[in-house]
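The values are calculated or read from the model by the stated rules, or taken from the named source; none is laboratory data. Please read all numbers here as calculations on a predicted model, not as lab measurements. Backbone-built Cβ (ideal geometry, glycine too); neighbour counts: all protein chains shown. Just the protein is used for accessible areas: all its heavy atoms, side chains included, with ligands, DNA and RNA removed. Shrake-Rupley method; radii C 1.70, N 1.55, O 1.52, S 1.80 Å.
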Amino acid sequence: MGIVKCVGILTSGGDAPGMNAAIRAVTRAAIYNGLQVKGIYRGYKGLITDEIVEFKSQNVSNIIQLGGTILKTARCKEFTTPEGRKVAYEAMQRHGIDALVVIGGDGSLTGARIFAQEHNVPCIGLPGTIDNDLYGTDTTIGYDTALNTILDAVDKIRDTATSHDRLFFVEVMGRDAGFLALNGAIASGAEAAIIPEFNTEVDQLEELIKSGFRKSKNSSIVLVAESELTGGAMHYAERVKNEHPQYDVRVTILGHVQRGGSPTAHDRILASRLGAAAIDAIMEDQRNVMIGIENDEIVYVPFSKAIKNDKPIKRELVNVLRTLSI
Ligand code: F6P
């Protein structure tokens, strides 16, 4: 394998707060180690449409505090085809890019894995998604900020819910993963969370109603993870309206507000550490791994493991929520 002299960096899939901190860290760590850096705009799309510019240290000044991604992002259909990936590879060659750092979620790292195999390109992945659904890292870049955005919203919803004695279903993001809903519920003191991971085992709503979750309260808030498996907040609200008309039910769908905002200290530090570690990995001739942090240690996780999509949710968290919401 040749020595890496130039690193390309891109953000892909849904943006996540802290992606800019990661771009800054990768860029600065690469330059510190004598590598050239090329910023690729709009994710894999920018490789195909040749939106690639050299990044110097100044390109990443004053961005650590910004939400979104200065490199922009996209979900790129062309890159899912061998023809599209060939065009992307040719652009890399033209620009002298000999290793790629991809910041994104499940789909983005799946793309990196296929690309790396097909064209023998060293790819390093950084877990960037609010969903926290990548295996091999305790948290992903953006998750903590999104969780805090959810808390801010639910605290406000609690004011009006209490004033009206209402039952609120609040839908949060997560794309088939319940981390935001479950931990958001614990941290906001919500009465319950409905998440896809446990959806097949029991009818969670029936369980909640049967356990009389409103008996000692004048308001109730249930966080629902968006997912085809849960059916979303509207689905549960309709059911309660039909089956338990005594409840005054309202729905709030938090939506993309969860993806924005200035990253928390946790996400900035996480992104900075992961970004610097990505360049360490490249210098050590690592390839085709995601960088994670587990138990406060940097770990290299093969793509195949990281994207298997089976990051477990601890049942203990479900029990904590249940115990504390009586
Ligand atoms: O993966 C991040 C995420 O925000 C998911 O939680 C959500 O399901 C999805 O992206 C929304 O995607 P889009 O912005 O393309 O609507």
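Before moving on, here are some points about what is shown:
- Test: residue in segment 160-169 that is at pLDDT 95 or above, under 27 Å from Thr264 (Cβ atoms) and within 16 Å of the ligand (Cβ to nearest atom): no
- Taken over segment 284-304, the criterion of being surrounded by fewer than 16 Cβ atoms within 10 Å (Cβ to Cβ) and either in the same structural domain as Ala181 (by TED's automatic domain parsing) or of a type in the set (A, V, I, L, M, F, W, C) (or both) is satisfied by Val299 alone.
- Residue list for segment 215-259, restricted to those being among the β-branched types (Val, Ile, Thr) and open to solvent by 40 Å² or more (accessible area, probe 1.4 Å): Val251, Ile253, Val257
- Within segment 6-31, residues that are under 17 Å from Leu270 (Cβ atoms) and among the β-branched types (Val, Ile, Thr) have Cβ atoms under 6 Å from residues that are part of a helix (DSSP H, G or I) and within 16 Å of the ligand (Cβ to nearest atom) in these pairs: Thr11/Met19, counting only partners at least 6 apart in sequence or on another chain.
- Exactly one residue among Lys77, Lys86 is modelled with pLDDT under 95, open to solvent by 60 Å² or more (accessible area, probe 1.4 Å) and over 21 Å from Ile3 (Cβ atoms), and that residue is Lys77.
- Residue pairs whose Cβ atoms lie under 6 Å apart, sitting 6 or more positions apart in sequence or on different chains, and linking a residue in segment 256-267 that is more than 12 Å from Leu66 (Cα to Cα) and within 15 Å of the ligand (Cβ to nearest atom) to a partner that is modelled with pLDDT of 95 or more and assigned to a helix (DSSP H, G or I), are Gln258/Ala146; Gln258/Thr149.
- Sole residue being assigned by TED's automatic domain parsing to the domain that holds Leu229 and of a type outside the set (Phe, Trp, Tyr), chosen from Ile195, Ile130, Ile124: Ile195
- Conditions (1) under 22 Å from Arg166 (Cβ atoms); (2) at pLDDT 95 or above; (3) not hydrophobic (A, V, I, L, M, F, W, C): number failed by Asp267: (1)
- For segment 33-138, the helices (runs of 4 or more DSSP H) that sit wholly inside it and include 2 or more residues that are more than 16 Å from the ligand (Cβ to nearest atom) and touching a Pro at 6+ places or on another chain (Cβ under 9 Å) are 106-119.
- Residue in segment 18-35 that is open to solvent by less than 20 Å² (accessible area, probe 1.4 Å), in the same structural domain as Asn132 (by TED's automatic domain parsing) and of a type in the set (Phe, Trp, Tyr) present: no
- Within segment 155-180, the set of residues being buried (at least 17 other Cβ atoms within 10 Å of the Cβ) and either under 21 Å from Gly67 (Cα atoms) or without any contact (Cβ under 8 Å) to a residue 12 or more places away in the chain (or both) comprises Val172, Met173, Gly174, Arg175, Phe179, Leu180.
- Residue check for Glu78: of a type in the set (Asp, Glu) and free of Cβ contacts under 8 Å to residues at least 12 places away in the same chain: no
- Thr145 vs. criteria over 16 Å from Leu223 (Cβ atoms), in a loop (DSSP other than H, G, I, E, B), open to solvent by less than 10 Å² (accessible area, probe 1.4 Å) and among the β-branched types (Val, Ile, Thr): no
- For segment 248-258, the criterion of a residue being under 17 Å from Thr129 (Cβ atoms), at pLDDT 95 or above and in a loop (DSSP other than H, G, I, E, B) is satisfied by at least one position.
- Test: residue in segment 176-185 that is among the charged types (D, E, K, R) and away from the ligand (no atom under 14 Å from the Cβ): no
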